[in-house]
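S.K.: Sharing a structure here in structure tokens format.
The values are calculated or read from the model by the stated rules, or taken from the named source; none is laboratory data. Just so it is clear, the structure is predicted and the values come from calculations on it, not from any experiment. Cβ placement follows ideal geometry from the backbone for every residue including glycine, while neighbour counts extend to all protein chains displayed.
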2 protein chains.
Amino acid sequence: MDETAWIRRYIAPLVTAVGADELRDDVALLTALGPTIATMDTLVEGVHFLPADPISTVGQKLVRVNVSDIHAKAAEPVEALLSIAWPRGRSEQAFSELLSGIAKDLDEFSVSLIGGDLVQHSGPLTLTLAITGRCIGKSPIRRSGGRIGDVLYVNGEIGWGQLGLQAARVGGDEQIAERYRIPRISPSFSARTVADVASASMDVSDGLLIDALRLAEASKCGARIDLDRVPLAAPSEELATILAQCTGGDDYRILISARPNLEIPGFWAIGELTESHGLSIRHRGQQVNPPSTLGFEH
Amino acid sequence: MDETAWIRRYIAPLVTAVGADELRDDVALLTALGPTIATMDTLVEGVHFLPADPISTVGQKLVRVNVSDIHAKAAEPVEALLSIAWPRGRSEQAFSELLSGIAKDLDEFSVSLIGGDLVQHSGPLTLTLAITGRCIGKSPIRRSGGRIGDVLYVNGEIGWGQLGLQAARVGGDEQIAERYRIPRISPSFSARTVADVASASMDVSDGLLIDALRLAEASKCGARIDLDRVPLAAPSEELATILAQCTGGDDYRILISARPNLEIPGFWAIGELTESHGLSIRHRGQQVNPPSTLGFEH
């Protein structure tokens, strides 16, 4: 790997923001107009994606998991810094495909790549992306703004991450596996909705149940989830099948709390914030015990 | 490694910026007052530091290589996002020491940690830091602003990186090895000097000769370095010894171009930007051939 040549060939063409100075410098000038937020996520081969995943989808996932965080805070993604720790000896073709996936979704979500770093190492492919976002309102919508009695709403089906991972692992249905590899993150109009109505907000990345509990805890209350109202990727009568989808993670939906009885386009009411702390779950009108694992803990 | 517990125990205490919301959220609110720049550097064990280096010094180096980029652009560092890919099974004690080194130098250079990511993997320790900087002037000083006839100035001794790496590798003088592990980066008053006088600027990270050529090329001219005027870590009569120090890298000094005949406190005049492209080197008044390797190419 000739790092300079690979940067020129595959990365520099993605860099069009004036502030990035065509990657000819060590820093980039950020475009900051109004309140700006930042997030950083790292994906490691074998941990956050499978070695057999088509590498362009890994690039797409890297962008999406970060954009998801930005949208959930009621902001639009703006600029990105990319670090790639590339396994020594892996082919230039693979690198080119990784970058094509990254480029595709930077474009899809209107993010400008402005800089980063490229190194070789002896470990698994490790990708870090930092993204800035411009708040639609005066500040990001936090996890911590929920109030007792607020209703919990989610903006899409839950469970595709879990079903897709299963399919990808066993060589199952490719279309379902693709839902794990390339999460269908909420479009940016969801960010505007969050800005308009949410008291608290976060993206569901580790599992609906654990993330609902986190939002509730940050808001100093508890959460009740009505499983019958959760829009599931694979609707089921089986409690175990339902819980698997609600604890599987990798959904990248937006979970918000807001006033009750709102009709929020694209969002489903699935529970509420409660005075009693912790998580309670209802199924067919009955209270059921939470599973021992609520999601991906890290 | 219990990621949540380690974040709470070692990372959250470093986070005091209001915009970081005590790491209870997925994003941080940036403090942007005026033109803001950003940079990102990744350090990999076995590539950018030695497995035997005391791990707290690795944390310090991570901060310093990024701060160096910010200072060289005539800016003050402000906020940082940190990603750690931690080798599975390595001790909590080592993690604690790494963070103590990071904390020490974030404090030293007045940088606020505002977020990031922590993952485990099967590879070498891989650290990525993104830092923002507030420009002292209206924009960063680029590599590309140099003019023919401008003099090249450097703000400290060249060669400690090379001497220190040698010492660290063979178990030599600990004080010299420390100069490789914890680069003495220029204090922030250098950033003000850069803002005041520099036409072009960059930090010397890959070797004085290669970085001087890069600055010249970005400025669309050539560079001449007078080896007799370069302040060396180990002054020598031997051309080979001098060239080793000027091509060794890891110095983290600031190299600027500016008008001739300036007395710039803390800076030494070491050459100039020339009309003829490429790099020329003078030693004892004679032109000498550039070595085949000008520095660390990547």
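S.K.: Can you name the number of the only condition in (1) in a helix (DSSP H, G or I); (2) closer than 26 Å to B:Ala177 by Cβ; (3) of a type in the set (A, V, I, L, M, F, W, C) that B:Trp6 fails?
M.R.: Of everything listed in (1) in a helix (DSSP H, G or I); (2) closer than 26 Å to B:Ala177 by Cβ; (3) of a type in the set (A, V, I, L, M, F, W, C), B:Trp6 misses just condition (2).
To keep it simple, each residue is scored yes or no on (1) in contact (Cβ under 8 Å) with a residue 12 or more places away in the chain; (2) buried (at least 20 other Cβ atoms within 10 Å of the Cβ); (3) more than 30 Å from A:Glu217 (Cβ to Cβ).
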{"site": "B:Leu23", "(1), (2), (3)": "yes, no, no"}
{"site": "B:Leu30", "(1), (2), (3)": "yes, yes, no"}
{"site": "B:Gly34", "(1), (2), (3)": "yes, no, yes"}
{"site": "B:Asp41", "(1), (2), (3)": "yes, yes, yes"}
{"site": "B:Phe49", "(1), (2), (3)": "yes, yes, yes"}
{"site": "B:Ile55", "(1), (2), (3)": "yes, yes, yes"}
{"site": "B:His71", "(1), (2), (3)": "yes, yes, yes"}
{"site": "B:Ala74", "(1), (2), (3)": "yes, yes, yes"}
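S.K.: Having 1 or more residues that are in contact (Cβ under 8 Å) with a residue 40 or more places away in the chain, within 12 Å of chain A (Cβ to nearest Cβ) and surrounded by fewer than 22 Cβ atoms within 10 Å (Cβ to Cβ) is the bar; report the helices (runs of 4 or more DSSP H) wholly within the stretch B:136-232 that clear it.
M.R.: In the stretch B:136-232, the matching helices (runs of 4 or more DSSP H) lie at B:208-218.
S.K.: Same structure, new question: Could you tell me how many of the residues in the stretch B:253-295 are of a type in the set (A, V, I, L, M, F, W, C) and on the phi > 0 side of the Ramachandran plot?
M.R.: Here the count works out to 0.
S.K.: Would you point out the residue of the stretch A:27-59, among those that are within 8 Å of another protein chain (Cβ to nearest Cβ), outside any strand (DSSP E or B) and under 15 Å from A:Ser112 (Cα atoms), that is modelled with the highest pLDDT?
M.R.: A:Leu30
S.K.: Tell me, which strands (runs of 3 or more DSSP E) wholly within the stretch A:258-298 include 3 or more residues that are surrounded by 13 or more Cβ atoms within 10 Å (Cβ to Cβ)?
M.R.: Counting at least 3 such residues, we get A:268-274, A:279-283.
S.K.: Can I ask one more? Report, by residue number, each residue of the stretch A:248-265 that is over 16 Å from A:Ala212 (Cα atoms) and among the polar types (S, T, N, Q).
M.R.: Hit for the stretch A:248-265 is A:Asn261, nothing else.
S.K.: Would a scan of the stretch A:237-248 turn up a residue that is modelled with pLDDT under 95 and surrounded by 21 or more Cβ atoms within 10 Å (Cβ to Cβ)?
M.R.: Yes: the stretch A:237-248 contains one or more residues that are modelled with pLDDT under 95 and surrounded by 21 or more Cβ atoms within 10 Å (Cβ to Cβ).
S.K.: So which residues in the stretch B:1-26 are facing chain A (nearest Cβ under 7 Å) and over 22 Å from B:Asp107 (Cα atoms), if there are any at all?
M.R.: Of everything in the stretch B:1-26, those that are facing chain A (nearest Cβ under 7 Å) and over 22 Å from B:Asp107 (Cα atoms) turn out to be B:Glu3, B:Thr4, B:Asp25, B:Asp26.
S.K.: Do you know which of the residues in the stretch A:252-292 that are within 14 Å of another protein chain (Cβ to nearest Cβ) and either β-branched (Val, Ile, Thr) or out of contact with any Asp or Glu (no Cβ under 8 Å at 6 or more places or on another chain) (or both) is nearest to A:Arg143 (Cα to Cα)?
M.R.: Among those residues, the one meeting the criterion is A:Ile256.
S.K.: Moving to a separate point now. Report yes if some residue within the stretch B:250-263 is at pLDDT below 95 and more than 24 Å from B:Val197 (Cβ to Cβ); otherwise report no.
M.R.: For the stretch B:250-263, residues at pLDDT below 95 and more than 24 Å from B:Val197 (Cβ to Cβ): present.
S.K.: Going by the structure shown, is A:Ile84 among the aliphatic types (A, V, I, L, M), surrounded by fewer than 24 Cβ atoms within 10 Å (Cβ to Cβ), under 23 Å from B:Gly133 (Cβ atoms) and facing chain B (nearest Cβ under 10 Å)?
M.R.: no
Residue-wise test of (1) touching a residue at least 12 places away in the same chain (Cβ under 8 Å); (2) within 20 Å of the chain's Cα centre (by Cα); (3) assigned to a strand (DSSP E or B).
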site	(1), (2), (3)
B:Val63	yes, yes, no
B:Val67	yes, yes, no
B:Pro77	yes, yes, yes
B:Ala85	yes, no, yes
B:Ala94	yes, no, no
B:Asp107	no, yes, no
B:Gly123	yes, no, no
B:Leu127	yes, yes, yes
